[in-house]
Amino acid sequence: MNYKSFNIAILVRLFIGLSFAAGLGISVYLKDWIAIPLFSLAILISGWNIVYFLNAVNRKMALFFDSVSNDDTTLHYSENSRNKSVRDLHRSLNKLNNRISEIKIRNEHNERFYREMLKYSATGLMAVDNDGYIEQINNSALALFGMPHISHINLLKQKNSELYNQLMLVKPGQTLTIKLLCGTDLRLLLLKVSYLNFGDKKYRLYSLHDIKTELEEKELDSWQKLIRVMTHEIMNSIAPITSLSNILNGIYLKDGKPLPVSEITEKNILNTIHGLDVIEQTGKGLMHFVEDYRRLTKVPKPVFKAINIENWLNSVELLMKNKFEEEKIEFKIVHKEYHKELIGDEKLLTQVLINLLNNAIDALHENSKRKIVLHVNEGSTGKLKLSITDYGLGIAPEEIEKIFIPFYTTKENGSGIGLSLSRQIMRLHKGSISAFSQPGEQTTMVLSF
């Protein structure tokens, strides 16, 4: 802004006002009673003109901010004023107004874009304020609710009280899996909630994701893998039995007729005994395989109780102490901040932990660094995590996803059900088990509760 012209305009107005004041003084001195009121009026008009001129900028700024606060971006000031300071002010206000208009248009475009994304998202989304009024909801959520529209969360209570109760019970950071009947179709939903604050307004943002299809695909894939492994194991057992049966049958047949007793030799008898022994051992192996399958399908129902984590881990270490000493393995428990108690079935969880420690011991048979470390801490979500790390040969990337498949094993005499059983037990505890490995360096098994 050009302050020079502004200052000149003020000085001119002050000079005029002072001139009128001087005239008033002279009129009073000369006792000119006609001129006195005229000069007084002129002084008042001059003072008002100065004040009006000084407040002109404030009035324009006030009008400008009133327009902005009312979302009115049509205001435009003339840029043809003779006064350069006023012209520069108008140009700056117009430029700022255009910038605000551009930002407003861009925000409207973004809001429209996000609304369309929200509308057609496959995940059901819903924002609810503190009073229960629904600020936003997309088509997927409405379809899950079986309602064409909904304005208040309490209306859902009349339609589906069970779903309403689940929405009220779920807490931030918590994940609930719920079953929902939509017409004749049963949906399996993953329910989550988070809190959002916008000034004085607080919202609960719900997401409802239908995971039934994903679970069915994973379940089908798991069954296919299981069937492949079971077929392989059963065929490996049946093939030798069938082959030996044909061989033994051939010993006692000659030209398609039973061999006379007089022609049966001691060698025939010994071969028969050996063949029957092999059949017996193979049959026992097959029975053992079936027994392992029964163990996998008959995991006892957990009896949940509060478990003191430190005492539990110390008892597991005591159970494994002799084996660690026999194998000359250094075992260490590293504690970080964590909750002191865990709700679970101590017997089943001990079975999981011992299985993982035994696997870690087996992984160190051909390694000089004979060390196993158990880390106890809380993850980013505040949930307990137990990480068992061994410094063995590791697991190849192509095998890391197969180790949890029932009956799949990389050990010569392994049953292949230990990790599968452990995963099943963890699922009964609403937890998970995962594996991470650096081939040639280390493997870490993580239990997340």
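The values are calculated or read from the model by the stated rules, or taken from the named source; none is laboratory data. Nothing here was measured: the structure is a model prediction, and the numbers come from that model. Cβ sites come from the backbone with ideal geometry, for glycine too, and all protein chains shown count toward neighbours.
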Lone qualifier among Gln174, Gln158 - being under 20 Å from the mean Cα position of the chain (by Cα) and either at pLDDT 80 or above or assigned to a loop (DSSP other than H, G, I, E, B) (or both): Gln174
Residues of the stretch 361-412 classified as modelled with pLDDT of 75 or more and small (Gly, Ala, Ser), total: 5
Given (1) outside the structural domain of Tyr206 (by TED's automatic domain parsing); (2) surrounded by 12 or more Cβ atoms within 10 Å (Cβ to Cβ), index of the condition Lys95 fails: (2)
Test: residue in the stretch 73-92 that is small (Gly, Ala, Ser) and out of contact with any Lys or Arg (no Cβ under 9 Å at 6 or more places or on another chain): yes
Yes/no for Gly285 being of a type outside the set (A, V, I, L, M) and modelled with pLDDT of 75 or more: no
Which numbered condition Ile150 misses (of (1) more than 16 Å from Leu205 (Cβ to Cβ); (2) surrounded by 15 or more Cβ atoms within 10 Å (Cβ to Cβ); (3) more than 23 Å from the chain's Cα centre (by Cα)): (1)
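Just to be sure, is Glu266 surrounded by 10 or more Cβ atoms within 10 Å (Cβ to Cβ) and modelled with pLDDT of 80 or more?
Numbers: surrounded by 10 or more Cβ atoms within 10 Å (Cβ to Cβ): no; modelled with pLDDT of 80 or more: yes.
No.
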Every pair of residues 6+ apart whose Cβ atoms lie under 8 Å, when the first sits in the stretch 436-449 and is without any contact (Cβ under 8 Å) to a residue 40 or more places away in the chain while the second is not aliphatic (A, V, I, L, M): Phe436/Thr443; Phe436/Thr444
Condition broken by Val376, with the remaining ones in (1) in a helix (DSSP H, G or I); (2) within 28 Å of the chain's Cα centre (by Cα) satisfied: (1)
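Look through Glu79, Glu108 and report the one residue that is free of Cβ contacts under 8 Å to residues at least 40 places away in the same chain and part of a loop (DSSP other than H, G, I, E, B). Steps first, please.
Values: Glu108 fails: part of a loop (DSSP other than H, G, I, E, B).
Exactly one of Glu79, Glu108 is free of Cβ contacts under 8 Å to residues at least 40 places away in the same chain and part of a loop (DSSP other than H, G, I, E, B), namely Glu79.
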Qualifying residue in the stretch 121-136 (condition: at pLDDT 85 or above, surrounded by 15 or more Cβ atoms within 10 Å (Cβ to Cβ) and over 25 Å from Asp200 (Cα atoms)): yes
Qualifying residue in the stretch 54-68 (condition: hydroxyl-bearing (Ser, Thr, Tyr) and loosely packed, with under 15 Cβ neighbours inside 10 Å): no
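Yes or no, residue by residue, for (1) in a strand (DSSP E or B); (2) buried (at least 18 other Cβ atoms within 10 Å of the Cβ):
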position	(1), (2)
Glu310	no, no
Ser315	no, no
Glu325	no, no
Val334	yes, no
Lys347	no, no
Asn358	no, no
Ile361	no, yes
Asn367	no, no
